[in-house]
Structure formats: C-alpha cells, structure tokens
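Asks: Supplied in structure tokens, the structure appears directly below.
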Amino acid sequence: MGIGIDLGGTTVKGAVVNDQGEILNNRSFKTDGFRGYPEILNDMKELIKELLTLSPGEKRVGIGIPGILSGDGNTIVSCPNLNWQNIPLKHDLESELALEVLLVNDATAASIAEAAFGSTQGHKNSVMITLGTGVGGGVILNNRIISGAHGVASEIGHLLMEKNFYTCSCGKNGCLETFASATAIIKYCQMQLERGRKSTLRTVVDFDGKAILNAAKAGDPLAEEAVHRLAKYLGWAIANICGIIDPSIIAIGGGLSYAGEFLLEIIKIETIKRLTYPDIATPEIVLARFRNEAGMIGCANLQHYL
C-alpha cells in the first residue's frame, strides 16, 4: 500500500494504491494558476490527511511535480505551471504531518508506474518518454530512478537537436520538444498551411495533436509529413539516449500515444535507422500502459526506486 499525489497545473490528484498498482481511493482538488502557494499547500495538507484516514499507518507520501527539483529532492526549484520557484514543499508538509514526504518529477513518477506494474515491468533498465504539450522523460537504471547531481538528468524534452523555426519555452532553440510534441506538430502544420499547403486540416475545427494524427492515419500528406518529422527527431533522441545508458525498453506515453501502433511503428523505424548498434543493442519500444493515473501510482511506489 502507498499514497501518491500528482500535482498538476490545474488539479491535484491523490490516491491510496495497493500492492498490485490498483487505485483503491482517490481524491482531488483544483489548483488554478491564480491561487497562491499557501492556499494550495493547505489544501494539500487536507488532502493527505483525508487519504491517511483511508489508509491508516502509512508513514510516507510520494508527490509528483511538473517541474525541476533540487539535487537532494527537497525543494521545487521551478514549477512554471504554478509560477513556483524555490518552494520548500517537503519541509512545509513534514513540519505539520507526521510522515515522510518524497518528491519526484512527474514524468519520472510515470516511469515508476510502468516499471512497477506496466509495460516496462520486469526490466531493470528502462526509459519513459511522454509526448504531450511538451516532452517529458524518466530514466530507471538498475531499478533506481536517475535524477543526477542537480535533479535534471531526465529532462529529455530539452535535449538539443538542431536549429528549429521557433524557440522553446525554456529560451533555447532546438529542444526536442519543439520537434516531437503536440505543440510542435501543430506549429509545423500551421506554418505550412500559412505557406499555402493543401490539406484537409484547413477544415478542422479542433486543430490539435489528435486531429493531426487522425489526418495522418487518413493519408493527408501534410499531416503525414508532420508525424514523420516528429518520429525522425524522436528516433534521433532515442538513439542518443541508447548510446549513453543502453536501456532494454522504452515506453511511449502522454497524449499523443493515443495514436497507438500507428505512431509507435513510425517511431521504431526512425529509431532503428539511427542506432549505432542496431544488431545487438536495439531496445523494445512499447506503448505505456497507464494514462492519467500514472503519476499517482508511480508516486505511491517511489520509495522502492530510490
């Protein structure tokens, strides 16, 4: 049993998770960007207290953060969605609650969920890549999460690829997430449409990543081009990751993974093209099992991967 909290930009979700990775009880509350840290902190305390009544005897809680943690994992250095910087969340919760608080990056939490109960279960060395508004990542080596000396070891979305036509939100040009995210394919298609490209996407009302993937499945040339471009750069990044840490398996999650095997097969092809040792060191590339519940499940099992 364990308690996991997923701190999102709009919602905080918490759950009691059993030893099979099943959510037994869950609660949530809205964060909203305009609410300050003290108010959200108080709501988190009440949420944890409520979950403790549902699972008495718990001695720790894991919390997934959509941002950067300090190297010791005690401080939220940056959490852009909530406009937080240098927030001592661990200290502030532990000072009032009689339990240990463990913080982890949210994508790393998802990688734990997959390793413990999902598509990478049984593998000691795995990587999780989330494709959504941005690109997130989690790395597990020898059944331990890797965060590095400064807490930024798995920031896969900010691997530098090459110059792009727009700049990343981090301020650099060339980050992976400007090539391989939902935002990236939307911006690419919009740019091409502005240049006069013909496409069924011109008539789409909800112009998002899902619409582009559906158009690609239906054979729209521009949408296909955008998806293959995404896969090319993601395959390039995966090949670089494999050259450094040599994982046996890589799970693809996040909103774009809804496209299933259609997108996965293109990613596999583009990755194999770029691997240094494709004959002896090709990782499995699979779809992640968990969706919105991944963060809570991973956080509830964080202590087993430290």
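Asks: Going by average Cβ neighbours within 10 Å, how do the peptides 261-268, 53-60 rank, with the highest at the top?
Replies: Working: 261-268: 17.0, 53-60: 11.8.
Descending mean neighbour count gives 261-268, 53-60.
Asks: Here is a follow-up. Could you go through region 185-193 in sequence order and give the Karplus-derived ³J(HN,Hα) for each residue, using 6.51 cos²θ - 1.76 cosθ + 1.60 with θ = phi - 60°, rounded to whole Hz, and x for Gly and Pro?
Replies: These are the phi-based 3J(HN,Hα) values: 6, 5, 4, 5, 5, 4, 4, 5, 5 Hz.
Asks: In addition: Can you tell me, using C-alpha contacts under 8 Å and at least 6 residues apart, the relative contact order of region 2-105 as a whole percent? Each step should come with its number before you reach the end.
Replies: Details: 197 pairs, mean separation 26.8, N = 104.
Across region 2-105, relative contact order equals 26 percent.
Asks: Full extension from residue 187 to residue 100: what is 0.36 nm times the residue separation minus their Cα-Cα distance, to one decimal in nm? Intermediate values should be presented prior to the final figure.
Replies: Working: separation 87, 0.36 × 87 = 31.32 nm, distance 4.29 nm.
Additional length available on full extension: 27.0 nm.
Asks: Distance in nm between label sites at residue 207 and residue 1, each 7 Å beyond Cα in the beta-carbon direction?
Replies: 5.2
Asks: Follow-up. Per residue of the chain, what 222 nm ellipticity follows from adding -39500 (n - 2.57) for every DSSP H run with n ≥ 4, rounded to the nearest 500?
Replies: The helix-only estimate for the chain comes to -11000 deg cm²/dmol at 222 nm.
Asks: Mind giving me the FRET efficiency for residue 248 and residue 217? R0 is 35 Å, r the Cβ-Cβ distance, nearest 0.05 is fine.
Replies: Details: r = 30 Å, r/R0 = 0.85.
Result of the calculation: an efficiency of 0.75.
Asks: Kindly flag which residue pairs out of 210/268; 45/210; 163/210; 163/217 have an alpha-carbon separation exceeding 31 Å in this structure.
Replies: Going by Cα-Cα distance, 45/210 fall outside the 31 Å limit.
Asks: Ok, one more. Output the relative contact order of the chain, whole-number percent, from Cα pairs under 8 angstrom with separation of 6+ residues.
Replies: Rounded, it is 21 percent for the chain.
Asks: Still on this model: If R0 is 41 Å, what FRET efficiency do you get for residue 28 and residue 280 from their C-beta distance, rounded to 0.05?
Replies: On the way: r = 46 Å, r/R0 = 1.12.
Calculated transfer efficiency: 0.35.
Asks: Right, another one. Using the alpha-carbon centroid of each, what span in Å lies between region 54-114 and region 1-47?
Replies: 11
Asks: Express in nm, to one decimal, how much length is gained between residue 142 and residue 91 on full extension, taking 0.36 nm for each residue of separation and deducting their alpha carbon distance. The partial results should precede the final answer.
Replies: Details: separation 51, 0.36 × 51 = 18.36 nm, distance 2.91 nm.
Working it through step by step, the gained length comes to 15.4 nm.
Asks: Report the dimensions of region 229-290 along its three principal axes from the alpha-carbon atoms, largest first, rounded to Å.
Replies: The Cα atoms of region 229-290 stretch 29, 24, 16 Å along the principal axes, largest first.
Asks: Over the residues of region 119-287, compute the C-alpha Rg and express it relative to 2.2 N^0.38 Å.
Replies: Details: Rg = 16.0 Å, N = 169, 2.2 N^0.38 = 15.5 Å.
In units of the globular-protein estimate, region 119-287 measures up at 1.04.
Values quoted throughout were computed directly from the atomic coordinates according to the rules given, and no laboratory measurement underlies them. Predicted, not measured: the structure shown is a model, and the values here were computed from it. Virtual Cβ from ideal backbone geometry, glycine too; neighbours counted across all protein chains shown.
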